[in-house]
Amino acid sequence: MNRSARAFWLRSPGHGEIRDVRLTDPGADDVVVRTLYSGVSRGTETLVFRGGVPASQHTAMRAPFQEGDFPGPVKYGYLNVGVVEEGPGELAGRTVFCLYPHQTRYVVPASAVTPVPAGVPAGRAVLAGTVETAVNALWDAAPLIGDRIAVVGGGMVGCSVAALLARFPGARVQLVDADPARAAVAEALGVGFAPPEDALGGCDLVVHASATEQGLARSLELLTAEGTVLELSWYGDRRVSLPLGEAFHSRRLAIRSSQVGTVSPARSGSRTYADRLALALDLLADPALDALVTGESAFDELPEIMPKLASGEIPALCHLVRYGKSA
């Protein structure tokens with residue numbers, strides 16, 4: 001079998017390149033995967049591309065199959081869907097998801113891949129890692145029937161959370177974002193939309209995912225008494241100021257963090273990482289989630305595309321990277 005591959009590397013902050021790779025021979029418990037699609041998660045990956053991971057978080061921010069170290073050279077990424085070319089009989093020929101960087105072909109333990117359900121297209125399946133984050137966030141948030149909920153920040157994570165909340169019984173769900181183009185995404189997901197100044201208040205829960213100081217402050221303003229902001233944003237090396245005077249104490253407001261690196265304590269006794277990822281893939285059977293894939297390019301174009309994603313010249317949610325049949 002073909003043991004050659006190519007991988008996208010961040011050579012130094014702001015500069016990417018494609019490198020030739022020679023794969024190791026697979027062991028008895030390994031699989032060889034030929035990539036069909038990978039996805040660029042615009043928030044985290046562009047922060048990495050800009051060199052914005054603080055030194056204190058270099059270990060915590062490592063991706064499962066990362067090579068190199070921050071700020072670079074580093075091979076980073078975690079949304080990959082491919083076909084198993086070699087491996088155990090139950091996986092051979094299957095389409096699988098893996099938390100692997102942008103690379104044409106790779107060898108990983110069989111336990112690191114999750115089969116994609118038959119009803120989920122491979123291109124949509126790259127969203128599994130982000131929908132998994134949304135699943136974990138909602139395990140943390142534990143919304144109740146009839147809750148009034150705002151999702152502030154219509155990026156990839158925020159839209160994934162809104163998509164899952166759209167199915168929640170009796171909930172009033174509004175996606176809040178400064179970009180009016182997100183209104184079309186909200187409509188496709190089946191939730192309301194408003195710019196920050198027009199967002200509905202009196203919220204029992206606000207999920208914040210804009211990664212901006214202004215967004216977090218607005219999230220607090222939208223809460224009803226004793227409401228909670230669930231913070232999903234990753235700020236990298238930026239400091240954030242908050243208005244914790246005013247009504248923060250008198251209204252007994254709360255800010256709680258959520259992060260996908262561990263299974264939510266609400267489910268850690270009964271669900272594993274594998275369970276959580278399999279659930280995320282099952283949820284991707286909903287075609288409404290196609291609205292989160294807003295751009296596409298070929299793998300060979302990544303060195304030119306990544307700077308445009310990082311600068312906002314390409315305003316993508318999830319940017320899909322396609323690979324040729326001979327990848």
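When Asp237 is tested against (1) touching a residue at least 60 places away in the same chain (Cβ under 8 Å); (2) in contact with a Leu (Cβ under 8 Å, 6 or more places away or on another chain); (3) on the phi < 0 side of the Ramachandran plot, just one condition goes unmet, and that condition is (2). Do we find that Arg218 is among the basic types (Lys, Arg), assigned by TED's automatic domain parsing to the domain that holds Gly146 and farther than 28 Å from Ala128 by Cβ in this structure? Here the answer is yes, as Arg218 does meet what is asked. Selection of the stretch 180-211 for residues being more than 21 Å from the chain's Cα centre (by Cα) and surrounded by fewer than 14 Cβ atoms within 10 Å (Cβ to Cβ) yields Pro180, Pro195, Glu197, Asp198, Gly201, Gly202.
Take Ser233 and decide whether it is under 15 Å from the mean Cα position of the chain (by Cα), surrounded by 14 or more Cβ atoms within 10 Å (Cβ to Cβ) and not in a strand (DSSP E or B). Judged against the criteria, Ser233 is a match. On the stretch given as the stretch 96-113, residues that are of a type in the set (Val, Ile, Thr) and more than 16 Å from Ala278 (Cα to Cα) total 3. So how many residues does the stretch 255-276 have that are surrounded by 18 or more Cβ atoms within 10 Å (Cβ to Cβ) and touching a Phe, Trp or Tyr at 6+ places or on another chain (Cβ under 7 Å)? Going through the stretch 255-276 one residue at a time, the tally reaches 2.
Within the stretch 220-274, being polar (S, T, N, Q) and within 30 Å of Val113 (Cα to Cα) holds for Ser233, Ser257, Ser258, Gln259, Thr262, Ser264, Ser268, Ser270, Thr272. Pairs are defined by a Cβ separation below 8 Å, a sequence spacing of at least 6 or placement on different chains, a first member in the stretch 185-208 that is farther than 16 Å from Leu220 by Cα and free of Cβ contacts under 8 Å to residues at least 40 places away in the same chain, and a second member that is basic (Lys, Arg) and surrounded by 14 or more Cβ atoms within 10 Å (Cβ to Cβ); the pairs so defined are Gly192/Arg172; Phe193/Arg182. Within the stretch 26-48, take every residue that is under 13 Å from Pro13 (Cβ atoms) and either modelled with pLDDT of 95 or more or among the aliphatic types (A, V, I, L, M) (or both) and give me the one that is surrounded by the most Cβ atoms within 10 Å (Cβ to Cβ). That would be Val48.
Among the residues of the stretch 215-229, is any assigned to a loop (DSSP other than H, G, I, E, B), more than 24 Å from Arg62 (Cα to Cα) and acidic (Asp, Glu)? Step through it out loud before you land on a result.
Taking the stretch 215-229 first, the residues assigned to a loop (DSSP other than H, G, I, E, B) are 222.
Adding the requirement that they be more than 24 Å from Arg62 (Cα to Cα) leaves 222.
If we keep only those that are acidic (Asp, Glu) too, we end up with none.
Looking through the stretch 215-229, none of the residues is assigned to a loop (DSSP other than H, G, I, E, B), more than 24 Å from Arg62 (Cα to Cα) and acidic (Asp, Glu).
Restricted to the stretch 85-106, and to residues there that are over 23 Å from the mean Cα position of the chain (by Cα) and not charged (D, E, K, R), the residue that is nearest to Gly27 (Cα to Cα) is Gly87. Assess whether Ala63 counts as being within 22 Å of Met156 (Cβ to Cβ) and not basic (Lys, Arg). So Ala63 fits the description; yes. Considering only residues that are crowded, with 21+ Cβ neighbours inside 10 Å, closer than 20 Å to Pro287 by Cβ and hydrophobic (A, V, I, L, M, F, W, C), which ones fall in the stretch 76-129? Hits for the stretch 76-129 are Leu79, Val81, Phe97, Val116, Val120, Ala125, Val126, Leu127, Ala128. Residues considered: Arg252, Arg239. Of these, the only one that is under 30 Å from Val48 (Cβ atoms) and surrounded by fewer than 22 Cβ atoms within 10 Å (Cβ to Cβ) is Arg239. Selection over the stretch 269-300 of residues that are closer than 23 Å to His102 by Cα and part of a loop (DSSP other than H, G, I, E, B) gives a count of 1.
Restricting attention to helices (runs of 4 or more DSSP H) lying wholly within the stretch 114-193, give those where 3 or more residues are more than 24 Å from Ala278 (Cβ to Cβ), of a type outside the set (Asp, Glu) and not assigned by TED's automatic domain parsing to the domain that holds Phe65.
Values: elements: 122-125, 128-141, 156-165, 182-189.
Filter on the stretch 114-193 gives 182-189.
The values are calculated or read from the model by the stated rules, or taken from the named source; none is laboratory data. The structure presented is a predicted model; accordingly, all values stated were derived computationally and were not measured. Positions of Cβ are backbone-derived with ideal geometry, glycine not excepted, and every protein chain shown enters the neighbour counts.
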